[in-house]
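Chemist: Pasting a structure here, questions to come.
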């Protein structure tokens, strides 16, 4: 494994740590203490979801920021309720932090033969789960 890939793996791990630091900073609860199910991203200065605004239905990623934040705050049940795919994605990304660091230190991908196939498969699984969850949510 070349230096570029090793540095990229370390930067990936740092990026994921940054995402979880932001998730920890976000307050995923309403003023009355009840957990949010979405729109926590507005605390970062982002606008409301256009799809919700225009159609009243959530987009495929609605609730992801909230699910990350709830998970980081230790509220696993409500994280799953906000967006269970977001919870799975957060757990997957958490596991990629030590994996990326270990792979960079060892100079080879740990327990992965083909990095491109691993990345492609991972993205495909997450997108498929997101779309399946979204279809379920909008037909309710």
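Quick note: the coordinates plus some simple rules give every number you see, no bench work behind them. The shown structure was predicted, so the numbers you read here are calculated from the model rather than taken from an experiment. Neighbour counts are summed over all protein chains in view; Cβ atoms, including those assigned to glycine, are modelled from backbone coordinates with ideal geometry.
Chemist: Can you pull the three principal axis extents for the Cα set of the stretch 3-139, in Å, largest first?
Modeler: 48, 30, 26
Chemist: With r defined as the distance between the Cβ atoms of residue 118 and residue 42 and R0 fixed at 35 Å, what FRET efficiency is calculated, to the nearest 0.05?
Modeler: After rounding to 0.05, the efficiency reads 0.55.
Chemist: Just from its helices, what would the mean residue ellipticity at 222 nm be for the chain, if runs of 4 or more DSSP H residues each count -39500 (n - 2.57) and the sum is divided by every residue, rounded to the nearest 500 deg cm²/dmol?
Modeler: That comes out to -23000 deg cm²/dmol.
Chemist: Report the relative contact order of the stretch 3-139, percent, no decimals, based on alpha-carbon pairs under 8 angstrom and at least 6 residues apart.
Modeler: Dividing the mean separation by the residue count of the stretch 3-139 yields 27 percent.
Chemist: Which part of the stretch 59-85 falls in the paramagnetic zone of residue 131, meaning amide N under 14 Å from the point 7 Å along Cα-to-beta-carbon?
Modeler: Only 60-61 pass the distance filter.
Chemist: Go ahead and set up a Gaussian network model of the chain, Cα springs under 10 Å, then flag whichever of 66, 87, 128 fluctuates most.
Modeler: The residue that fluctuates most here is 128.
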